[in-house]
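J.: Handing you a structure now.
The values are calculated or read from the model by the stated rules, or taken from the named source; none is laboratory data. All values reported here derive from a predicted model rather than from experimental measurement. Here Cβ is always computed from backbone atoms with ideal geometry, including for glycine, and neighbour counts include all displayed protein chains. Areas reflect the complete protein model, heavy atoms only, side chains present, ligands, DNA and RNA absent. Shrake-Rupley method; radii C 1.70, N 1.55, O 1.52, S 1.80 Å.
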Amino acid sequence: MTATARPLLLNDFDAAASRKRCMGFRRRILDVSQTVTALHIAPAFSCMEIADTVYNGLMRRKDDGSSDDVFLMSKGHGCMAQYAILEYLGVLANGELDRYCTAHGELGAHPDYGVPGIEASTGSLGHGLAMAVGMAIAERNKKSGATVYAILSDGEIQEGSTWEAIMMASSLGLTNLVMLVDNNNFQSLGQTHLTHPSFYPLDDKFRAFQWECETVNGHDAAAMFQAVTSREGKGPFALVCKTTKGKGVSYMEGVPIWHYRSPNPEEYKTALDELTEISG
Amino acid sequence: MRNHFAETLYAKGVEDPRIHVVVADISPAGSMGKFREEFPERFINTGVAEQAMIGICAGLALKGMRPFAYTIATFSLYRPFEMVRDDLCYQNLPVTVVGIGGGVIYSTLGGTHYAQEDVAIAASIPNMTVIAPSDPLETVAATEYCAAESQGPVYLRLGKAGEPVLTEGAVDPWRFGKLRRIQTGDDVLILSYGVTMRHASQVAQRLRDSGRSVSLVAASTLKPFDKEGAAALIKAHKHVIVIEEMVPRGGLASEIKQLAWDIGATARIDTHTLKDEFVHCYGSHDDILAEHGISVEKIVAQAAA
């Protein structure tokens with residue numbers, strides 16, 4: 001319940017290093033994909049740069065590498081991106097990711113509270129933002145100075161529960177809450193702008209609920225870092241991150257089957273050959 | 001009950017800054033108003049947004065707080081059910097979900113406001129504890145437990161206001177997870193919980209007046225259920241009467257019958273529950289219970305038959 005002993009400074013954020021990391025994370029996820037028949041590969045590639053920007057840029061770290069800031073993966077099906085980063089940070093034990101979705105491992109296809117680095121169990125959409133609001137209230141009342149970062153899919157913004165949380169966050173003036181929307185414009189039955197023409201634009205809707213909001217390229221880590229760190233901070237902040245589902249592998253980009261399927265050995269090889277550093 | 005709950009919660013809130021109250025647009029009567037005035041940062045009103053109420057409680061608990069979600073039972077448990085299940089129970093968080101007016105107590109408001117299945121629904125979820133205090137004194141004890149001791153989620157079913165004190169001078173003290181003998185006898189065993197403890201108490205008196213020896217027992221902790229205590233009590237009596245303001249499946253009545261089978265009990269067992277029906281009538285709480293077949297007269301008559 002005490003405030004942190006010393007002020008935490010924002011890490012230096014090196015966009016080139018982020019690009020290199022994200023390429024490595026995508027490779028790692030592709031490797032894991034060869035051990036299972038299915039994993040949410042495209043949703044993870046969609047939010048790869050967003051997750052890296054939060055973990056390796058925005059979250060302030062103490063000398064021991066820990067952070068009071070919170071990362072909540074509300075779009076639980078994107079957790080391969082989170083696992084790859086937690087492994088890189090040494091939060092997940094070495095080899096744990098190799099036991100993904102096996103009887104002797106602890107990592108499943110959705111994040112589970114109790115696993116190191118997992119702040120909340122998600123997977124059912126529309127739960128994360130209200131939990132993030134509760135966390136932000138708790139941190140404010142503890143005067144910890146911590147900021148809560150939640151990654152939401154655009155699909156889960158269709159949940160009414162998300163809008164209840166959006167209303168609450170701004171009504172409570174939660175300046176320590178940042179929502180990052182992985183706006184890949186895809187859901188199971190097609191492109192959202194076609195299935196639900198009134199869904200976009202999102203930023204106007206967030207602003208109407210008194211959120212501060214910016215829209216950026218969600219594969220441009222530097223732009224996301226800049227937008228979040230330069231926010232006014234009078235209330236909660238929403239970053240609409242324009243992304244491509246399956247980003248980085250040409251045959252996966254915008255193709256619904258890759259929401260869940262694992263590539264076969266040949267497709268895997270093609271994917272590895274294609275991967276490059278993505279600069280937005 | 002509501003007022004005793006609020007007074008106790010306020011007192012615990014003074015001692016413990018982890019106590020937060022998250023309500024969904026319900027009037028903060030009595031001491032709840034005092035909590036709101038004195039601890040505005042720990043009193044959150046989501047408005048008519050019950051999913052956010054539960055989700056926010058989960059987030060608070062994930063960061064070390066001990067929140068209470070508080071509104072009418074149908075809205076605290078049914079509307080945000082998946083949040084109760086996933087956010088609270090799956091993550092096993094110390095959040096108390098308070099259901100005001102469990103059963104058919106909102107007798108003039110109709111079926112949309114009856115939580116007649118609440119105990120079965122709540123008790124079916126792993127990790128969930130279910131407590132339904134039987135009078136204002138038990139409400140104080142149960143609220144203290146929820147505020148300070150519970151290790152996971154609790155569904156706390158309360159009545160409204162004006163319930164009589166029924167457990168003063170009881171044989172046993174209130175203890176979490178234990179059946180509580182209010183009065184002891186050796187012929188008839190009457191088990192109930194919640195607001196219908198009043199009916200149970202009246203039935204006990206009537207049977208005693210007619211010369212029977214009666215044990216009156218409060219089963220305020222429905223889950224975890226005190227099977228050992230119940231088995232011993234069933235074995236020690238010839239005739240068991242269960243009175244329960246809840247649908248026939250998944251509550252005390254079915255628990256007792258199942259247990260009686262498991263232990264090879266020979267006692268006669270009469271159960272009086274709500275019907276597996278929606279009723280479409282209005283009136284007093286007793287009127288609606290009577291429509292469901294629960295009345296002191298009827299229970300006494302059946303016991304004598």
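J.: Among the residues of segment B:18-55, which ones have their accessible area go down by 20 Å² or more when all the protein chains sit together, as opposed to their chain alone (1.4 Å probe)?
T.: Those residues are B:GLU41, B:ILE44, B:THR46, B:ALA49, B:GLN51, B:ALA52, B:GLY55.
J.: Could you tell me the largest-minus-smallest coordinate of the C-alpha atoms of the protein assembly as shown on each of the three principal axes, in descending order and whole angstroms?
T.: Its Cα atoms span 89, 52, 47 Å along the three principal axes.
J.: Net charge near B:VAL165, counting Lys/Arg +1 and Asp/Glu -1 over other residues with Cβ under 15 Å of its Cβ?
T.: Overall, the nearby charge balance is -2.
J.: Go through B:144-156, A:100-112 and give me the packing order, highest mean Cβ count within 10 Å leading.
T.: Packing proxy ranking, top to bottom: B:144-156, A:100-112.
J.: Pick from A:PRO263, A:PRO116, A:PRO197: which is most flexible by mean-square fluctuation in a GNM of chain A where alpha carbon atoms under 10 Å apart are linked?
T.: Greatest mean-square fluctuation among the candidates belongs to A:PRO197.
J.: Show the residues, 5+ positions off or on another chain, whose built amide H is closer than 5 Å to the amide H of B:ARG157.
T.: B:GLY99, B:ILE131, B:ALA132
J.: Also, I was wondering about something else. How charged is the neighbourhood of A:LYS242? Take every other residue with its Cβ under 12 Å from the Cβ of A:LYS242, and add Lys/Arg as +1 and Asp/Glu as -1.
T.: Here the charged neighbours net out to -4.
J.: In the protein assembly as shown, what percentage of the DSSP-assigned beta bridges are antiparallel, given to the nearest 5?
T.: 15 percent
J.: Still on this structure: Where does chain B land on Rg(C-alpha)/(2.2 N^0.38 Å)?
T.: Rg over 2.2 N^0.38 Å, computed on Cα atoms: 0.97.
J.: With a 1.4 Å probe, what is the total accessible area buried between chains A and B, in Å² rounded to the nearest 100?
T.: 2100 Å²
J.: Among DSSP bridges having both ends in segment A:134-203, what percentage is antiparallel? Round to the nearest 5.
T.: Just about 25 percent of them are antiparallel.
J.: So, for the protein assembly as shown, what is the accessible surface per residue at a probe of 1.4 Å, expressed in square angstrom?
T.: 38 Å²
J.: Also: Ignoring ligands, DNA and RNA, what percent of the accessible area of segment B:193-273 is carbon or sulfur (1.4 Å)?
T.: The nonpolar share, carbon plus sulfur, comes to 50 percent.
J.: Can you list the lysines whose alpha carbon sits under 23 Å from that of B:LYS34, skipping same-chain ones fewer than 8 residues off?
T.: Qualifying lysines at Cα under 23 Å: A:LYS142, B:LYS12, B:LYS160.
J.: Would you list, by chain and number, the aspartates and glutamates whose Cα falls below 13 Å from the Cα of A:LYS242, excluding same-chain residues fewer than 8 positions away?
T.: A:GLU49, A:ASP154, A:ASP182, A:ASP203, A:GLU214, A:ASP220
J.: For chain A, what is Rg from Cα atoms divided by 2.2 N^0.38 Å, rounded to two decimals?
T.: Relative to the rule-of-thumb radius for its length, chain A sits at 0.95.
J.: In a shell of Cβ-Cβ distance under 13 Å around B:HIS280, excluding B:HIS280 itself, what net charge do Lys and Arg (+1) and Asp and Glu (-1) give?
T.: -2
J.: Check segment B:180-295 and count each lysine pair with an alpha-carbon distance under 24 angstrom, considering only pairs eight or more places apart or from different chains.
T.: Lysine pairs satisfying the spacing and distance rule in segment B:180-295 number 9.
J.: Show me, for segment A:15-28, the HN-Hα J-couplings you get by feeding each phi into the Karplus relation (A = 6.51, B = -1.76, C = 1.60, θ = phi - 60°), rounded to Hz, glycine and proline as x.
T.: 5, 5, 5, 4, 4, 5, 4, 5, 5, x, 5, 4, 4, 4
J.: Amide H neighbours of A:SER153 under 5 Å, at least 5 residues apart or on other chains, H built in the peptide plane: list them.
T.: Those lying under 5 Å, H to H, from A:SER153 are A:LYS75, A:ASP182.
J.: Quick one: which residues, 5+ away or cross-chain, put their amide H under 5 Å from the amide H of B:ASP172? H built at 1.01 Å from N.
T.: Amide H neighbours of B:ASP172: B:ARG181.
J.: Shifting gears a bit: Could you state the principal axis extents of the C-alpha atoms in segment B:180-304, from the largest down, to the nearest angstrom?
T.: Principal-axis extents of the Cα atoms in segment B:180-304, largest first: 40, 33, 22 Å.
J.: State the percentage of accessible surface on segment A:15-274 attributable to carbon and sulfur atoms; use a 1.4 Å probe and exclude ligands, DNA and RNA.
T.: Answer for segment A:15-274 is 51 percent, counting heavy atoms of protein chains only.
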